[in-house]
Amino acid sequence: MIEVPKTYEEINEKIRSGEVVVVTAEEMVEIVAELGPNGASQKVDVVTTGTFGPMCSSGAVINVGHSTPRMKITHAWLNDVPSECGLAAVDLYIGATEVAEGDPLNRSHPGRFNYGGAHVIEDLVAGKDVRLRATAYGTDCYPRRELETWLNIRDLNEAYMLNPRNAYQNYNVAVNKFAERDIYTYMGVVKKGLGSANYCSAGQLSPLLNDPYHRTVGIGSRIFIGGAQGFVYWQGTQHDPTGARNELGVPKGGSATLGTVGDLKQMDPRYVVGVSMLGYGVSLALGIGTAIPILDEELAAQTGVSDAQITAPVIDYSHNYGLNEGEPLGHVSYAELKSGSIELEGKTVPTTPLSSYVRAREIAEKLKGWVKAGQFPLVPPVQALPTPESSPGFKPLNYRPVAEEGGE
């Protein structure tokens, strides 16, 4: 059968008529294996994806409303976690990785980091009261200088997640070649002597791995975020689609990222979870998902890529990562990672996922239901994300030492 490319409007009409065929990326693997990309593109209209794991570059904007008398907040704490106030009088930004004031951090190593910005966000989403403590220097129009009150998300004017970097297209596998000790990283506790291999991706279900050249995901795209519907507002920070890819176009390393936004008031605490990383800090485990219209055979083939066909770089976090030098120790497939162990330098190394495939599958299934019910309209991006051809790539810091005062 000769392929006839579909359009967004044709797929949306199928949704309206109840004739749309929607499958998850996990299901698409089997369909492509059975029918081939051409046959799969004729049968399937939409493929849904999902991922759930720590996404540090996240946070939330909240507007607390004006007090009487009014106050221009210059310093604020939410449940003792500092929030950024350099916006406007009562606009705050709470970063997911900010830690509570007075936390012992790593002074007694490894620190536990029991509470931080991500936990504040989780508490807000769960409908819990959060204590605001604020100070100001006072002005003629904003005379109040101190405030302490309980906040609840129901009372906030706006509360939305605004994340600079989510849904990495692929990511490292962290190992530790130190023989002497475990190391404590944002990839979790990595066991000494190649005692563990920690990874963080849903593999074949992951959003951008199913659209490797982000043809259908871009600025303005509707997404699942934290249990609600949100949007991509820009490419994420550290977006770099210029790296090496395999013969299927799948990146072999981090590659693309998304800047995301969504209404905190509509989110579900099952998909917005504060995480304490022993010896490292705080992060936010977040659910992200996309719905990919199968416009042609190429997209069918890409959404049918399996865990066995996606590889990730193995990086030594005891040396190479921290010093930002050296090459990967190798590449392993997600099928190997999900098997429970990999072979590395003559050793069988147990694997440890930081992401939840169970919840990634839940997200893809929820999206599948939303699309079928006509609750998740499919629209093309208003602007494409930078591609390998248009992106300058990700640059390291251009380190230029600053001379001491009085120096040249």
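The values are calculated or read from the model by the stated rules, or taken from the named source; none is laboratory data. Fair warning: this is a prediction, and the values are worked out from it, not measured in the lab. No Cβ is skipped: glycine too gets one built from the backbone with ideal geometry, and neighbour counts run over all protein chains shown.
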Residue list for the range 223-265, filter: of a type in the set (Gly, Ala, Ser), crowded, with 23+ Cβ neighbours inside 10 Å and either closer than 22 Å to Arg361 by Cα or modelled with pLDDT under 95 (or both): Gly226, Gly230, Ala256, Gly262
Across (1) free of Cβ contacts under 8 Å to residues at least 60 places away in the same chain; (2) among the small types (Gly, Ala, Ser); (3) in contact with a strand residue (DSSP E or B) (Cβ under 6 Å, 6 or more places away or on another chain), Ala60 clears everything bar (1)
Scan the range 24-52 residue by residue and report those that are of a type outside the set (S, T, N, Q) and in contact with a strand residue (DSSP E or B) (Cβ under 6 Å, 6 or more places away or on another chain). Ala25, Met28, Val44, Val46, Val47, Gly50, Phe52
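Run down Thr97, Thr68 and say which single residue is over 30 Å from Asn172 (Cα atoms), among the β-branched types (Val, Ile, Thr) and not in a strand (DSSP E or B). Don't jump to the end; show me each part of the working.
Working: Thr97 fails: over 30 Å from Asn172 (Cα atoms).
After applying the criteria, what remains is Thr68.
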Any hit, the range 353-369, residues being closer than 28 Å to Asn246 by Cα, of a type in the set (Gly, Ala, Ser), free of Cβ contacts under 8 Å to residues at least 12 places away in the same chain and part of a loop (DSSP other than H, G, I, E, B): no
Here are Pro212, Pro241: which of them is in contact with a helix residue (DSSP H, G or I) (Cβ under 7 Å, 6 or more places away or on another chain), part of a loop (DSSP other than H, G, I, E, B) and over 15 Å from Met55 (Cβ atoms)? Pro212
Check Ser108 against each of (1) surrounded by 14 or more Cβ atoms within 10 Å (Cβ to Cβ); (2) in a loop (DSSP other than H, G, I, E, B) and name the one condition it does not meet. (1)
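Kindly evaluate Tyr137 against the criterion of being touching a residue at least 24 places away in the same chain (Cβ under 8 Å), hydroxyl-bearing (Ser, Thr, Tyr), farther than 14 Å from Ser283 by Cβ and part of a strand (DSSP E or B).
no
For (1) surrounded by fewer than 18 Cβ atoms within 10 Å (Cβ to Cβ); (2) more than 20 Å from Leu329 (Cα to Cα); (3) within 14 Å of the chain's Cα centre (by Cα), each residue gets a yes or a no:
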{"position": "Tyr142", "(1), (2), (3)": "no, yes, no"}
{"position": "Asn157", "(1), (2), (3)": "yes, yes, no"}
{"position": "Met161", "(1), (2), (3)": "no, yes, yes"}
{"position": "Tyr171", "(1), (2), (3)": "no, no, yes"}
{"position": "Asn198", "(1), (2), (3)": "no, no, no"}
{"position": "Ser221", "(1), (2), (3)": "no, yes, no"}
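Regarding Val29, is this residue assigned to a strand (DSSP E or B), among the β-branched types (Val, Ile, Thr) and either buried (at least 22 other Cβ atoms within 10 Å of the Cβ) or at pLDDT 95 or above (or both)?
The answer is no for Val29.
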Against the condition farther than 27 Å from Ser355 by Cα, buried (at least 20 other Cβ atoms within 10 Å of the Cβ) and at pLDDT 95 or above, how does Ile15 come out, does it pass? yes
